[in-house]
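Bear in mind that the values in this text are calculations on the coordinates, not laboratory data. Owing to the predicted nature of the structure, the values given are computational and were not obtained by experimental measurement. For neighbour counting, all protein chains shown are included, and Cβ atoms are generated from backbone atoms with ideal geometry for every residue, glycine included.
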Amino acid sequence: MTYKRRPVVVGNWKMNLSLTEATELARGLLERLASLGEGESSAEVGIAPSTPFLSAVINCVEGSDLGVSAQHMSHHRSGAFTGESAPSQLADIGCRYIILGHSERRQYYGETNESVSLAARAAHDVGLTPILCVGETLSQRDDGETLAVVLKQVEEAFKLLSAEEAAHTICAYEPVWAIGTGRTATPEQAQDVHYAIRQHLKELYSEQVADRVRLQYGGSVKPGNATGLMSQADIDGALVGGASLDVDSFQTIIHIASTDQ
Ligand code: 13P
């Protein structure tokens, strides 16, 4: 029998919202989650505010099941790295997840497969669950390189993780051309890549590990397209950007992910 993976939906707020807006959104979401019936809220839910608001948002959600994620961190333990956050510092303030290798970080801030691999290692060392982001650009897709690019990113990101750690890691497939563009992968396109990622994890580790790793889809996920995506066999949730800034839209996506598995 295959393992039943719990869906996981995380809202990546990126560099948006004021302090008041961020705490209000967190409180609003908590109220919505509390009002959902059992089957409607079976998904694990997280939110990723901008770094300056992590503590404030963590205070708002304390004692609830809603987890908080940082959007990036250093892979170094401590030291002279101006502007960076250390893994242990994020764990100290109560973060549960860390998004690593997001395409915006790869494109603008020099994150590489190598730095993602080191940061994934560092995350597990302090008990943070990494959300490892992978995805191809439009030209890579057009050139037929999607699987080669994505599987290489997966291999590197997991490189320093044991089987047990890998099983407790989340991987988000976010085609770069679908992020913030309103253009989303079709459920079939997304499923094809998710399936390939899971097969690759099976080769790298084992079937048991591959069965446990949760694979999110990200890239213009909205209430209107979530049903098709979330019903795919290897899609275990979503990493949501724009639609997570609106409590109604995010709640709907959580509901769909909870019920469409
Ligand atoms: P959008 O949902 O705004 O396309 O962003 C996706 C994303 O980058 C989540 O990490």
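Checking a compactness column here: for the range 137-261, what do you get for Rg(Cα) / (2.2 N^0.38 Å), N being the number of residues?
For the range 137-261, the normalised Cα radius of gyration comes out at 1.04.
Give me the Debye-computed log₁₀ of I(q)/I(0) at q = 0.27 Å⁻¹ for the range 108-155, equal point scatterers on Cα only, no solvent, two decimals.
-1.01
When the scattering of the range 133-206 is computed by the Debye formula from its Cα atoms alone, each counted once and equally, what is log10 I(q)/I(0) at q = 0.11, 0.24, 0.26 Å⁻¹?
Per q value, in the given order, log10 I(q)/I(0) is -0.28, -1.12, -1.26.
When the helices in the chain are scored as -39500 (n - 2.57) per DSSP H run of 4 or longer and the sum is shared across all residues, what 222 nm value do you end up with, to the nearest 500 deg cm²/dmol?
That comes out to -13500 deg cm²/dmol.
For the chain, set up a Gaussian network in which alpha carbons nearer than 10 Å are linked by springs, and say which option among His200, His72, His102 fluctuates the most.
For the chain, modelled as a Gaussian network with Cα springs under 10 Å, the answer is His200.
Using the scaling law 2.2 N^0.38 Å as the reference, what is the normalised Cα Rg of the range 84-136?
On the way: Rg = 10.8 Å, N = 53, 2.2 N^0.38 = 9.9 Å.
Normalised Rg, Cα atoms only: 1.09.
Please state, to two decimals, what the Cα-based radius of gyration of the range 5-135 comes to when divided by 2.2 N^0.38 Å (N = residues).
So the Cα radius of gyration is 1.06 times the expected 2.2 N^0.38 Å.
Only Cα pairs under 8 Å and at least 6 apart count here; give the relative contact order of the chain as a rounded whole percent. If you can, show how the numbers build up before the last one.
Details: 511 pairs, mean separation 58.3, N = 261.
It rounds to 22 percent for the chain.
Kirkwood Rh over Cα pairs of the chain into Stokes-Einstein at 37 °C, 0.692 mPa s: D in µm²/s?
In µm²/s, the coefficient rounds to 181.
Restricting attention to the range 1-106, which chymotrypsin sites (Phe, Trp or Tyr not before Pro) occupy a DSSP loop and are surrounded by at most 14 other Cβ atoms within 10 Å? List each step's numbers first, then the result.
On the way: sites: Tyr3, Trp13, Phe53, Phe81, Tyr97; in loops: Tyr3, Trp13, Phe81.
Of the chymotrypsin sites (Phe, Trp or Tyr not before Pro), the ones in loops of the range 1-106 whose Cβ has at most 14 other Cβ atoms within 10 Å are Tyr3, Phe81.
Mind putting together the pair-distance distribution for the range 213-261? All Cα pairs, 5 Å bins, whole percent per bin, short to long.
5, 27, 37, 23, 8, 1
Can you tally the lysine pairs in the chain where the Cα-Cα distance is under 19 Å and the two residues are eight or more apart, or on different chains?
Step by step, the pairs that qualify in the chain add up to 4.
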